[in-house]
Every structure is written in C-alpha cells, then in structure tokens.
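As structure tokens, the structure follows; a few thoughts come after it.
Where a number appears in this text, it was derived from the coordinates with a stated rule and is not lab data. Since the structure is predicted, the reported quantities are computational estimates derived from the model, not experimental observations. Here the Cβ is made from the backbone with ideal geometry for all residues, glycine too, and neighbour counts use every protein chain on show.
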Amino acid sequence: MSDKADQDVQKLFKRWRSGDPAAGQVMAQRFSDWYYAITTVRLGDARGRGPLERACNSFAQGIVGVSKSSELIDWAHSLVAKELAEAGSRVEGGDFPNALTDNRSPSELLQQVGGKMSPEELRLLNYAYGHTADLDTLTAEAEAQGGMPLSLLRARYTLKRHLRDSANVPLSVAPEDPNLDLAPLPLYEAGRMETDEEEDFFEQWLISDLVLCQDVAEFATFSHALRAGALASVRGAQASAPDAQLDSPKRGGGAGNKIIMVLGFLVALGVLAVLVVGIALIYMS
C-alpha cells in the first residue's frame with residue numbers, strides 16, 4: 001500500500017481502472033481528505049461536517065454521469081463549492097477547540113506561544129489573518145521581511161512549530177524551509193485571495209498534494225482563531241505607526257499579481273482525478 005500512497009490520483013485512477021481495489025481505497029481517502037481540508041478551513045469542523053458529507057454523497061451519486069476524466073476535478077470541486085456557498089462560504093473566524101488542541105482554546109494557545117515570536121512575525125500574521133491592514137500595507141510589511149508572500153508562509157510555519165514544541169499540539173507539517181510553491185497558502189486560509197478564481201485554482205491543486213491537505217486541515221482551527229484576532233493582544237502584533245488600515249476581505253489590488261504568478265505554476269501541476277463511488281462511506285461509516 002505504501003507505493004500507492006506516494007502516487008498521484010491519475011496513476012491511482014489507472015490502477016483502479018485496471019482492477020486494483022486497493023488503489024481505489026487509496027483514491028477514496030485522497031478525495032475525502034481533500035473535501036475535509038476545504039470544508040474545515042472555510043467553515044470549521046462542526047459547521048463543515050454537513051457540507052462535507054453532502055458533497056461526498058453527491059460525488060457517489062453523480063460520478064456515473066461523468067464521462068471525461070479531464071472534467072472530473074472541476075466537477076468534483078463544484079460539488080463542495082455548492083455546499084460551501086449554501087453554508088455561507090466562510091466563517092469570519094472563531095475559537096473552536098477540538099481533539100487536536102485537546103479541547104483547549106486555540107486562541108489561548110496562540111496567545112501562549114505568541115510571545116516566542118518576533119514582533120515582525122506577529123505583526124505580519126495579524127495583518128494577514130486578522131485583516132487589520134489593507135493588502136498594500138501587508139505587502140509592504142512582507143517585503144520588508146524578505147518578500148511577499150514567502151515571508152508570510154515562513155511566519156505561519158514558525159507559529160506552527162511553537163504550537164507543536166511549546167504547547168504540545170501534535171502538528172505534523174511544520175518545515176523549517178518551506179516550499180515556495182506553497183506561498184499562497186496563508187492568503188487562502190485568511191480569505192485574502194483576490195478573486196474566486198484564485199481560490200478555486202488553489203483548492204483544485206490541493207488534491208495533488210496529500211501533505212498540503214494535511215497541513216491545511218490540521219491548522220484550520222488556528223487559522224479561524226487568527227482571523228478572529230487571537231494575536232491582536234500579544235505585544236508586538238500591532239503596528240507601531242498609524243499606517244495600518246483596517247481592511248475587509250476584498251478582491252483586487254495589492255499583492256494580486258504575485259499570487260497569480262504562483263498560482264499559475266501550481267495549476268500547471270494539477271492532475272486528473274478519479275472516480276470512487278464508495279467515497280461517501282468513509283464519512284458515513
């Protein structure tokens with residue numbers, strides 16, 4: 001099974017179509033992980049559970065009508081997008097303790113480890129996730145710390161390592177040297193990608209990377225707490241000068257060109273997906 005776990009969904013699809021049921025099981029898990037990552041980062045575990053299960057059911061019921069593998073990812077994504085739209089697309093953030101936090105408050109955990117981070121990192125994360133600055137201000141801060149959006153990604157992973165090492169949160173994905181390809185990730189989590197198309201591209205690319213799905217899912221409860229302003233009270237998180245402007249989630253301007261350049265590369269890496277009628281059973285059982 002380990003060799004299958006390392007394969008992309010296109011190869012798994014071919015093996016499943018050739019009569020390999022184990023490959024079909026791996027594919028089913030890949031799809032369910034994908035749906036879970038998307039629903040939990042947008043809605044949280046509890047509110048995302050219903051949309052997740054309905055999307056899986058719709059997949060199982062409708063897959064027989066999909067005739068072209070080249071259309072599968074768009075179709076599969078449209079199912080979860082429909083459920084998300086009906087559930088409000090995104091929550092505005094909040095404090096959602098779960099099993100990963102051992103039922104501890106994510107906001108309190110963030111405040112606990114926030115003092116271990118530099119004021120620059122805190123300010124960058126607070127600007128991005130907390131929407132306490134417009135995109136121009138966020139970009140300027142990130143450029144001063146090494147570039148936009150890579151410095152934001154590095155600050156995110158620094159925070160994850162502190163949560164893992166100092167607060168005993170069992171986070172699995174926290175590299176010291178993050179992959180540049182993942183640079184748009186914090187903006188996606190923060191709801192700050194500039195167009196719906198960018199979000200769609202990023203979400204569809206997620207299915208090609210099992211580790212990235214895990215990364216998004218395990219950090220989701222903390223991204224919600226960050227969006228609710230969990231770091232705002234930590235010393236250093238606020239701007240020292242009155243140049244930070246309040247900003248609501250918006251489309252257009254600022255860092256858009258850089259994000260689109262990165263996403264263009266990511267979309268080029270996209271892979272064809274597979275059909276698995278039994279996907280719903282993973283969450284229905």
Once the Cα atoms of the range 97-229 are picked out, what are the Rg and Dmax in Å? 14.0, 38
Most to least packed among 69-77, 124-132 [average Cβ atoms within 10 Å]: 124-132, 69-77
Length-normalised contact order of the range 4-152 in % [C-alpha pairs under 8 Å, at least 6 apart]: 13 percent
